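Quick notes on the structure that follows.
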Amino acid sequence: RKGKTPEDVVKRYWQKVRNPPEEDCTICMETLTGPSGYKGPGVASISRGESVGRLVQCGHLYHLQCLVAMYNNGIKDGSLQCPTCKTIYGVKTGNQPAGKMEYHVIPHSLPGHPDCKTIRLIYNIPPGIQAPEHPNPGKPFTARGFPRHCYLPDNEKGRKVLRLLLEAWDRRLIFSVGTSSTTGESDTVIWNEIHHKTEFGSNLTGHGYPDSGYLDNVLEELKAQGITEVEERHL
Ligand code: APR
Ligand code: ZN
């Protein structure tokens, strides 16, 4: 067989346990001392002899079948995230459609950041056809409200957030395709789990300034996606 199978990927981050404890697998809710409760396709070939193990970094225990099924239900990018503690194995990527991310400094201050200028981010994603990693492959998706403008203070922490957002963009984690919770529209481009400030001088939506906790919050959201540091990048 060519390339890495889903089972190969899971086994990179997983270690067999011979005598599992009397606990339930939190993916299928069946006991770890018995077989996986997962009945779907794609896991039949996994041998029973190596059915339970731990994720190597966090130590959480699962049926191998259950992890392979979970991986198959995701976007299959070679990474795995522990469903219990969210530890990321490998490099997590998303399904953000093709588009453009730009930024520049504007000579105005944001509410709450009177002593510095402002970084404006501009995201532009055109509508298109959904790829295999999207909810309805082959079906069109819409893209509303683009270009979307976002703002960061041009200070040390704001520039750090910018660097990490550029990395998040490269990993396709800023947007996704799905149902908008604001408009209810399905098959459309939506923000993913990294919050942006889309208002400059006002705060009508709650996505504006001042917000003294914003930079720390977004750093946490980036961390939850596996984005903490980037190597050299020239800004
Ligand atoms: N600005 C920034 N973030 C927003 C906004 C907004 N105006 N509205 C919602 N979000 C955040 C939500 O808090 C949530 O965490 O985006 C996440 C996904 O919400 P959805 O409503 O599903 O996202 P989406 O449809 O992409 O955005 C709604 O945001 O930027 C605007 O033009 C966009 O009007 C649209 C609105
Ligand atoms: Zn299980």
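Taken together, the values in this text are just the output of simple stated rules run on the coordinates, not laboratory data. The structure presented is a predicted model; accordingly, all values stated were derived computationally and were not measured. Methodologically, a virtual Cβ is constructed for each residue, glycine included, from the backbone with ideal geometry; neighbour enumeration extends over all protein chains shown.
What the table below lists for this structure:
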quantity	calculated
Nearest 10 degrees, 0 to 90: helix 156-170 Cα axis against the chain principal axis	50
Nonlocal amide H pairs with Trp14, under 5 Å, H built at 1.01 Å	Val56
Lysines whose Cα lies under 19 Å from that of Lys117, excluding same-chain neighbours fewer than 8 positions away	Lys157, Lys160, Lys197
Residue-span extension gain [Thr228 to Glu185] - 0.36 nm each, minus C-alpha spacing	12.3 nm
Relative contact order (percent, whole number), the chain, Cα cutoff 8 Å, 6+ residue spacing	14
Estimated vicinal HN-Hα couplings, Hz - segment 10-19 in sequence order (Karplus 6.51, -1.76, 1.60; Gly, Pro = x)	4, 5, 4, 10, 9, 10, 4, 10, 6, 10
Label-to-label distance, nm, for residues given as Glu220 and Lys86 (7 Å Cα→Cβ offset)	0.9
Nonlocal amide H pairs with Thr118, under 5 Å, H built at 1.01 Å	Ile106, His108, Asp154
Estimated vicinal HN-Hα couplings, Hz - segment 80-85 in sequence order (Karplus 6.51, -1.76, 1.60; Gly, Pro = x)	9, 10, 5, x, 8, 10
Spin-label model distance (nm) - Thr198 vs Glu102, 7 Å beyond Cα toward Cβ	2.0
